[in-house]
Structures are given as structure tokens and as C-alpha cells.
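The values are calculated or read from the model by the stated rules, or taken from the named source; none is laboratory data. This is a predicted model, so every value here is computed, not measured. Methodologically, a virtual Cβ is constructed for each residue, glycine included, from the backbone with ideal geometry; neighbour enumeration extends over all protein chains shown.
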């Protein structure tokens, strides 16, 4: 089973952050106070890192969960996943001692949660209704 982030979400998120980064870059060179724009540019770079690390595709195979992002992929066992929680407009997937943000409107997310819960009944779900 494979789920993907919707294209319009990716385009909007990266487009908005790209536009914001361009405006801040122009502000660094042409608008005082420059220190504000330099600090905000650092914030934009941090947001780019978080967005590029966020998986745009999740594949649930036999005995594995693959999280694919622009910056790489992580392969987990379903038993490594501890919880999935609703957080703002997205989700937080906790595994081992780490957490991973997920896009909120991935197509087929409900079926993915149901299949993952079947593979690992110990997963804690908060704010998510898994089909039974």
C-alpha cells in the first residue's frame, strides 16, 4: 500500500516558502534593518530543511514502512512505530525515540493507518479514527 501527499499541497507549501525566501533575500540587500532579514533568512532555511525532510510518499510493505522524502528515505518495521497523533494540520509519527511530521492531506491515509494498526496493534492513535 502506498500513499502520497497531494500535489497541490506540495506546490503551495514549497511555492509559499520559496516566495518568502526570495522576499527575505531581497530584504537583506535593500532594506534596513538587515539583521532582522538575516535572522528571518535563517528561519526560512530551517523551514526548508523541515519541509524537504517531510515524507511525500509512504509505502507500507510486508514487514516494513518506507518514508520517502526529498532528503532521503527511512525504512522502519511496523513494530518500531509507537504512535500517530493529529497535530495542527498534519500528523506526527513517533518511532523509536524519534518523531516525523507528516502532511495532513495524504490520499489514502485512513487505509494506511488501518493497515499499520493491523500490523502493529500496540500503536497509539490520538485524534485519528482507524477503520475497523
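Does any residue of segment 69-77 turn out to be assigned to a helix (DSSP H, G or I), touching a residue at least 12 places away in the same chain (Cβ under 8 Å), surrounded by 13 or more Cβ atoms within 10 Å (Cβ to Cβ) and in contact with a helix residue (DSSP H, G or I) (Cβ under 6 Å, 6 or more places away or on another chain)? No, the conditions are met nowhere in segment 69-77. Among the residues of segment 107-132, the one identified as assigned to a strand (DSSP E or B) and at pLDDT below 90 is 107. If the condition is being at pLDDT 95 or above and out of contact with any strand residue (DSSP E or B) (no Cβ under 7 Å at 6 or more places or on another chain), then segment 49-68 contributes only 49. Residues that are without any contact (Cβ under 8 Å) to a residue 40 or more places away in the chain and either surrounded by 18 or more Cβ atoms within 10 Å (Cβ to Cβ) or out of contact with any strand residue (DSSP E or B) (no Cβ under 9 Å at 6 or more places or on another chain) (or both) were ranked within segment 99-123; the one that is nearest to residue 9 (Cα to Cα) is 110.
Looking at segment 44-68 only, could you name the residues that are outside any strand (DSSP E or B) and surrounded by 13 or more Cβ atoms within 10 Å (Cβ to Cβ)?
Residues of segment 44-68 that are outside any strand (DSSP E or B), as a first pass: 44-56, 62-63.
Within segment 44-68, 44, 47, 48, 51, 52, 53, 54, 55, 56 qualify.
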